[in-house]
Amino acid sequence: MGALKNVRQRVRNRLYRIAFGKGVIENLGVRLCVDHAAVSDRMFFALARNYERNEAELAAKFISSDSRVLEVGAGVGFLACHCMKNLGVRDYAMVEANPELVGLIEQNLKLNGLSSAQVFNFIVSAGDGEADFSVAEHFWASSTVALPGAKRIALRAVSLETLRAKLGFAPNTLIMDIEGGEIDIPIEHYEAFSGILMETHPGIVGTQAVQLLIQKLANVGFALRDQRGHVVWLSRDVVG
């Protein structure tokens, strides 16, 4: 039954792209380029519908024009464009480990008339050095976790502290979606932020590991203010 379901989904995605595919689509007022090798049929289906809707709704609720944002795991740059175009964020920097997406992010920023965001191609990890990265067929599954059939590449790895030092501003808000890598970041590196919008990954690291991370963040003053699915918003009143 699982194989049949996968075949049906592939056929659906292909037909959807044939019927509605074009060079640029729009999602929540954000224009996105989909005529790109990294955008599979499945990715097109998602981008054209409710892609990252939980993150976008929580961002609209808690992020404002006064926020200074660092995003780790930027994907195609949708949230960056949403925050800058729709929420008025002026200071924004993002990191995407998949080198195939960096050019696409820059295209999407240009499509939306946004030129001030900084884009870095690193892996964010506990410390500086080098790490392996799996580039998956569907970009949202790419990860530092070894994936069957995925292309493995070596990339420069940097810590959040090193990354913050490279920016032209002091970020107070962290957006993070790194496919389970969030549990390996030292808690003290999170303490530089007052707000965190994070997708957790119990399917990759287990529910217990996610709960432990939330508890560790609570121990340094972060309160869980809202949650949509596996996406959480945590904030603290005082930056350490």
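The values are calculated or read from the model by the stated rules, or taken from the named source; none is laboratory data. Quick caveat, the model's predicted, so the values are computed rather than measured. Virtual Cβ from ideal backbone geometry, glycine too; neighbours counted across all protein chains shown.
Residues checked against (1) modelled with pLDDT of 90 or more; (2) of a type in the set (Ser, Thr, Tyr); (3) out of contact with any Pro (no Cβ under 9 Å at 6 or more places or on another chain); (4) closer than 25 Å to Tyr190 by Cβ:
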position	(1), (2), (3), (4)
Asp41	no, no, yes, no
Asn50	no, no, yes, no
Glu55	yes, no, yes, yes
Lys61	yes, no, yes, yes
Ser67	yes, yes, no, yes
Asn86	yes, no, yes, no
Glu96	yes, no, yes, yes
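Which count do you get for residues in the stretch 187-231 that are within 22 Å of Arg164 (Cα to Cα) and assigned to a strand (DSSP E or B)? Residues flagged as within 22 Å of Arg164 (Cα to Cα) and assigned to a strand (DSSP E or B) within the stretch 187-231 amount to 5. For the stretch 168-184, a tally of residues being at pLDDT below 95, assigned to a loop (DSSP other than H, G, I, E, B) and of a type in the set (A, V, I, L, M) returns 1.
Can you find a residue in the stretch 6-27 that is surrounded by 15 or more Cβ atoms within 10 Å (Cβ to Cβ), at pLDDT 75 or above and closer than 26 Å to Leu114 by Cα? Yes: the stretch 6-27 contains one or more residues that are surrounded by 15 or more Cβ atoms within 10 Å (Cβ to Cβ), at pLDDT 75 or above and closer than 26 Å to Leu114 by Cα.
In the set (1) touching a helix residue (DSSP H, G or I) at 6+ places or on another chain (Cβ under 6 Å); (2) over 25 Å from Leu28 (Cβ atoms), Asp132 fails one condition alone, (1). Go through the stretch 88-107 and report how many residues are assigned to a loop (DSSP other than H, G, I, E, B), free of Cβ contacts under 8 Å to residues at least 40 places away in the same chain and among the aliphatic types (A, V, I, L, M). The number of residues fulfilling the criteria is 1.
Within the stretch 163-220, being polar (S, T, N, Q) and surrounded by fewer than 15 Cβ atoms within 10 Å (Cβ to Cβ) holds for Thr207, Gln208, Gln211, Gln215, Asn219. Within the stretch 99-111, the set of residues being touching a strand residue (DSSP E or B) at 6+ places or on another chain (Cβ under 9 Å) and crowded, with 21+ Cβ neighbours inside 10 Å comprises Leu104, Ile105, Asn108, Leu109.
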